[in-house]
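Below is one structure, written out as structure tokens, with a few remarks after it.
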Number of protein chains: 2
Amino acid sequence: MLRVSKYFGFTKDRAQHHDIPGKASVTPVSDEPNGPVADGPGSHRSSQRHTAVDTPPAESNVDVLIIGAGPAGLMAAAWMAHCGIKARIIDKRNSKIFSGQADGLQCRSLEIFDSLGFADRAWKEANHMIEICMWNPGSDGVIRRSDRIPDTIVGLSRFQQIVLHQGRIERFFLDNIKKYSNDTIQVERGVLPSSLTIDESKVDTDEGYPVTVSLQHLSEEESTPKQQISGSKVPDGLFRSSLTQEDDEADLINTSKSRAGRSEVVHAKYVLGCDGARSWTRRQLGFELEGDSTDHIWGVMDIIPLTDFPDIRMRCAIHSADNGSLMVIPRENKLVRLYIQLKEVTPDASGRADRSKITPDLIFGAAKKIIQPYNLDYEYCDWWTAYQIGQRVGTNFSSHNRVFLAGDAVHTHSPKAGQGMNVSMQDTFNLGWKVALVAKGIAKRDILSTYETERRQVAQELIQFDHRFSRLFSGRPAKDVMDAEGVSMEVFKDAFLKGNMFASGLSVDYAESNLIVKQNSAGSLAKGLPVGMRFNSFKVLNQADGRPWHFQERLKADGRFRVVLFAGNILDPDQKERVQAFCSKLDGPDCFLRKATPSDAPIDSVVEVLTIHSSKRTETELLQDFPDILHPFEEHTGWDYNKVFVDDESYHEGFGDAYTNYGVDKERGCVVAVRPDQYVAWVGELQDFGGLQQYFDGCLEFGNTGVKINGH
Amino acid sequence: MLRVSKYFGFTKDRAQHHDIPGKASVTPVSDEPNGPVADGPGSHRSSQRHTAVDTPPAESNVDVLIIGAGPAGLMAAAWMAHCGIKARIIDKRNSKIFSGQADGLQCRSLEIFDSLGFADRAWKEANHMIEICMWNPGSDGVIRRSDRIPDTIVGLSRFQQIVLHQGRIERFFLDNIKKYSNDTIQVERGVLPSSLTIDESKVDTDEGYPVTVSLQHLSEEESTPKQQISGSKVPDGLFRSSLTQEDDEADLINTSKSRAGRSEVVHAKYVLGCDGARSWTRRQLGFELEGDSTDHIWGVMDIIPLTDFPDIRMRCAIHSADNGSLMVIPRENKLVRLYIQLKEVTPDASGRADRSKITPDLIFGAAKKIIQPYNLDYEYCDWWTAYQIGQRVGTNFSSHNRVFLAGDAVHTHSPKAGQGMNVSMQDTFNLGWKVALVAKGIAKRDILSTYETERRQVAQELIQFDHRFSRLFSGRPAKDVMDAEGVSMEVFKDAFLKGNMFASGLSVDYAESNLIVKQNSAGSLAKGLPVGMRFNSFKVLNQADGRPWHFQERLKADGRFRVVLFAGNILDPDQKERVQAFCSKLDGPDCFLRKATPSDAPIDSVVEVLTIHSSKRTETELLQDFPDILHPFEEHTGWDYNKVFVDDESYHEGFGDAYTNYGVDKERGCVVAVRPDQYVAWVGELQDFGGLQQYFDGCLEFGNTGVKINGH
């Protein structure tokens, strides 16, 4: 039995349990815990008590333990809630809101929010960024607007990039998790993990709880971050800026009189470390971040500006001739965020800047110089911080596919491009459903390896993007074509345009695996649906009631795979025969649909079949022209009227022209397998039922009649 | 001082205080109440206690007392919350939710919800009705689909008709009222009014509280309606169906052992009676509903159907050859509402049907006959009721412009066309801001007369519409052109198409008054903005940030009038001069803008000026090309970036082409005054500043420096 005597396991405890990075020690953790064991989320609360020094800490089991309740952790918890997984999520801080922090939301993040059910809340409250204005010095050295480009590439997504306070986004997550978990998953704040061990003898079996984590419940005082270090009345973010030392956080905890509250031991099937750039989980595993810091120091201020600068409500990239660069990010209400290059602050010999010299006055003074001849002032500052540009990626994203790292724990970079929160959330949007489906016994355990292969690639691309972008943005603008040391504004604009594609989050293309099968023929069947990329969205109509839907709205984050049958022209007798042949296989006893679905669960519980046909809506009838398996009958509630769609013109919302946009033949159609996270997983012809069967054979467990399904 | 000894003042008490309908008696109510007086919403709670028989009831003052918390009452309360008025809203029932009830939402209702801030919630949860299918007997007598028409006329509004449970709509109101009133306005349930008097000596002054209402606070048992009269497990609506007797409600209260809780006396400036078809308030005033019942009896059922009828998710009008008619209204989830003609039930000699004979089996049996040869069954019934078609309009809508009636209290009709809740809400959407602005001293008291002139006209049109529609729908379909007694299906379809315009709520055209000034020239200046009708919506871009907005989104229900300056082509020197001349008058000391605005309030507190120009966005600059009064400067927060818009193409949401759609000349523009409820009030040329000034002179109080403004 594990005993914990210190907060941070990485001093003596780490030496004891984690000798070699990447290889966890085997600790004799009994399968029969000797404390009061409670199973399932929420139940740990029933065992809450202050343990005296002599009583052993309470123990409990949980399927998934999430460490850290920032956006990455909350996204993971959202998946657990939507998939009905027993999970806990802890955070060492006792409050959720910070001023400032990340705030840009990519198109892809909004698509994901929509799949969870709260994109509309973000869309309604946020500031919408429409245009980027480039400001550069003219030949007289005075800045002027040189270019306007759309902030989001036109036609890329049904959403565009927006800006909203991270606190609001966390609120949406908390409401969503509460709703979908029926209140069983709640963020437990002021809870600090103190040790982590992995029982290697169990990592490759479906039974037991291989990961053991000890938790300390902090008092309120202990878990409150000291946000106003400088004594100013304006909250600053220096305590979590990259300019602070690695051990600041340990200080934060150690300064408290830590006789603390109770402790407990949690046995988990999976642990997700979403605990930030100085991840405790990462240090437990002995993993590192690799990369460098540059010597560029930037300040950040959230102010309500008083200015005659004409583009203060546009996103602006301003390169001054000699005073550095400034980025303007208009926010909700009348707030504007300024990213301000601090040319007068440079790192010392150790590579770090002296943060005591950095004040709001220093930062704002730099901004005023850059933006001249325009006037810039403020009365209200909401938040400020400063950071040193650096780019690092984690060496490993997982240990034994039992403990995973996500978000800032495995990639750090500069905040200006608005990528951090997005990529972090997308890490756990990739990971969460995999862990959930494996924990439920629906998917094969080896799909978990794809997390690292898929997301480490994205992290590296992010770092490269940030590196290129930061260098161009921190550089002095070239005076003319002969000025080789300066940055050409043409090159900068070009990088911005290319960067916009990456920054949308829509260029992600996952590599081949048992979750992504790229056949040669796939491209020619659906040019608009590249395997490995997210399922793009166009409007289609519900066959039964004529209502237009963005097709992506039907790909909800509920943990289900989907087969999208592009049924083509169902009125053509040959095609109708092909559709019927496909459906009779789909309805057969050996089909993945039946084999992957528990016998007592609805047929659409694990894989949902959606149809889009290309005949005229008014010339086709749902019950008459489409086999039953495409709109299953349920004895209490009748036919399913929400599974068959048509690529036809709507009365009020135009024509999505989905077949053309997806690049699918209107006569013969095709079949697409889609992952629970909306990535295109397989594309084939209707006749290639074998290929489809093989795809699901590669990733799903067949014949799990005992699996519990979260009701759909 | 008034003393109350009975619940219903309309027996002895009415005789005493309201001798003649339409003329209230003068009762000696002291201006200095002798009980504990509390002023303002919420404060009455501090005086809550059970009054012994001998202590006088607590007394308090309130600006507005709303009786009834259905949709009409809640809409009135929403206005009070948005305008910062001290108001109370009471309802005699203790619970808000009923199954069934009204559920169709017109385009106009959604536009109104959007102006209050919650259309998105309704839009997201509701079932969207896209198409109406007409089913009629063929020459063989078997029903078949004869027509499809769009449920909402294409291009009429940015919203289309939807269906959602009334309980959800009330929830949206309650949340909205809570938010905008900072929790000071809450529905007080289980509170029954017991007498009402009007002090005529005060009705024409701005001081005092001319209306006195006595209230009884009921126990929970007393205020719970007996919804399941039949003893069935399925809730039915018979207790409030038109088939019940007028005195059922009195029974409901009298059956309780009414030694009740405490009583209190409220002195109000205005009382709004939104208390339904058997309005207590109406009876206090001695007003009547005029009109007739027909002998058509209809049943209503909300079921989850099990059927092979192909259009069960469409709105359907089914005329069977001999078995009567059926309307299908698909709802949220898998529910469908059926309106079923009961040909076998007829009224007795007194004109009323025997409701004891009406059961779900009888109603459903009729539906099965009508829909044959298709099969129709159900396992789950959510609610059912029956009603007798009748149409009645109130003789008077107001007494002394101090007590008003709204909603079912002044118009009743059949529910099938989905008008009731909409017209009721629109009554108080018309009334609420008028009462609020008069109570605040911003508007002249005589604008209150326009409530009756404007809404009685609408009520009469509603009755005519319903009469025509019900007759055609209850009639037997004509067998052929020679069948004069039958209803021609061509005539029916034609009525449906015409009715759709009325049913959208967008055909309302208010008559001339001091709130609606119809100049001869107005039509030629803005063909798309007829004076008296609601301000239509097209997309325009914010000049400062390029974001597209439906212009109506900028016409929020915050109690402000608006001047929309169509500035035309601001880059043309002559036009720029005209705009500057207009603005210098607008900015002058004698302008309505300054005279109507309290001196300590922001200049946009009473009338907000919004600009739409027609030059290219990228060729114009907000600060340079538009006079300051169009984007006022505030010393703490800078320029206002949300008042100037441009009719230009957007990157992602197309081109609204607003000038063309509003019918405004792109060079010379025009000026439009808009009421707080979005109705076009006056249209003139930029040079006709005198006309604009005169408009506001006709309806606003000038020089009210002491008025308190709810912050914008």
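Values for this structure:
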{"quantity": "Inter-site label distance for A:Glu667 and B:Gln694 at 7 Å from Cα along Cβ, in nm", "calculated": "7.1 nm"}
{"quantity": "DSSP-loop trypsin sites (Lys or Arg not before Pro) across region A:458-538, with at most 14 other Cβ within 10 angstrom", "calculated": "A:Lys479, A:Lys527"}
{"quantity": "Additional length obtainable on full extension of the chain from B:Arg144 to B:Glu485, 0.36 nm per residue less Cα span", "calculated": "120.6 nm"}
{"quantity": "Pseudo-label separations to other copies for A:Pro573 - Cα-to-Cβ vector, 7 Å, nm", "calculated": "7.7"}
{"quantity": "Region B:260-277 residues near the modelled B:Thr55 label - backbone nitrogen below 16 Å, point 7 Å along Cα→Cβ", "calculated": "B:261-265"}
{"quantity": "Backbone HN-Hα couplings from phi across region A:352-366 [Karplus 6.51/-1.76/1.60, Hz, Gly and Pro as x]", "calculated": "10, 7, 7, 6, 5, 7, 8, 10, x, 5, 4, 5, 5, x, 5"}
{"quantity": "Given charges at Cβ of Lys, Arg, Asp, Glu: region B:533-698 dipole, positive-most of B:Gly546, B:Tyr659, B:Phe535", "calculated": "B:Phe535"}
{"quantity": "Fraction of beta bridges assigned by DSSP in region B:533-698 that are antiparallel (%, nearest 5)", "calculated": "65 percent"}
{"quantity": "Normalised contact order of region B:533-698, rounded percent, pairs of Cα under 8 Å and 6 or more residues apart", "calculated": "34 percent"}
{"quantity": "Nearby aspartates and glutamates by direct alpha-carbon distance to A:Lys616 (threshold 13 angstrom, same-chain neighbours under 8 apart not counted)", "calculated": "A:Asp572, A:Asp625, A:Asp647, A:Asp648, A:Glu649, A:Asp657, A:Glu667"}
{"quantity": "Inter-copy separations for B:Asp206, label at 7 Å along Cα-Cβ, nm, ascending", "calculated": "7.9"}
{"quantity": "Residue of chain A whose Cβ sits closest to the axis mapping A onto B, with distance in whole Å", "calculated": "A:Asp120, 3"}
{"quantity": "Inter-copy separations for A:Asn520, label at 7 Å along Cα-Cβ, nm, ascending", "calculated": "8.2"}
{"quantity": "Low-density loop positions, GluC sites (Glu not before Pro), region A:102-210 - DSSP coil, at most 12 other Cβ in 10 Å", "calculated": "A:Glu207"}
{"quantity": "Cα principal axis extents for region A:428-478, largest first, Å", "calculated": "59, 14, 7"}
{"quantity": "With DNA, RNA and ligands ignored, accessible area of B:His467 (1.4 Å probe; Å², nearest 10)", "calculated": "90 Å²"}
{"quantity": "Accessible area (Å², 1.4 Å probe, nearest 10) - A:Trp383", "calculated": "20 Å²"}
{"quantity": "Pairwise FRET efficiency - B:Thr637 versus A:Asp322, Cβ, R0 = 41 Å, nearest 0.05", "calculated": "0.85"}
{"quantity": "Inter-part distance where region A:604-668 and region B:678-695 are each reduced to a Cα centre, Å", "calculated": "52 Å"}
{"quantity": "For B:Val62, distant residues with modelled amide H under 5 Å away", "calculated": "B:His267, B:Ala268, B:Lys269"}
{"quantity": "Rough spin-label spacing in nm, given labels placed 7 Å along Cα→Cβ, for A:Ser524 and A:Asp377", "calculated": "7.0 nm"}
{"quantity": "Test item: B:301-311 mean partner chain Cβ contacts at 10 Å", "calculated": "3"}
{"quantity": "Phi-based couplings in Hz for region B:545-558 (Karplus 6.51, -1.76, 1.60; Gly and Pro marked x)", "calculated": "10, x, 6, x, 9, 5, 4, 4, 4, 8, 9, 5, 7, 10"}
{"quantity": "Cα-projected label distance for A:Glu188 with A:Glu288, points at 7 Å along beta-carbon direction, nm", "calculated": "3.4 nm"}
{"quantity": "Links that overshoot a 26 Å alpha carbon limit, given the list A:Lys357/A:Lys493; A:Lys440/B:Lys124; A:Lys334/B:Lys576; A:Lys178/A:Lys556; A:Lys493/A:Lys527", "calculated": "A:Lys357/A:Lys493; A:Lys440/B:Lys124; A:Lys334/B:Lys576; A:Lys493/A:Lys527"}
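The values are calculated or read from the model by the stated rules, or taken from the named source; none is laboratory data. Because the structure is predicted, anything quoted here is derived from the model rather than measured. Virtual Cβ from ideal backbone geometry, glycine too; neighbours counted across all protein chains shown. Surface accessibility is based on the protein's heavy atoms, side chains included, excluding ligands, DNA and RNA. Shrake-Rupley method; radii C 1.70, N 1.55, O 1.52, S 1.80 Å.
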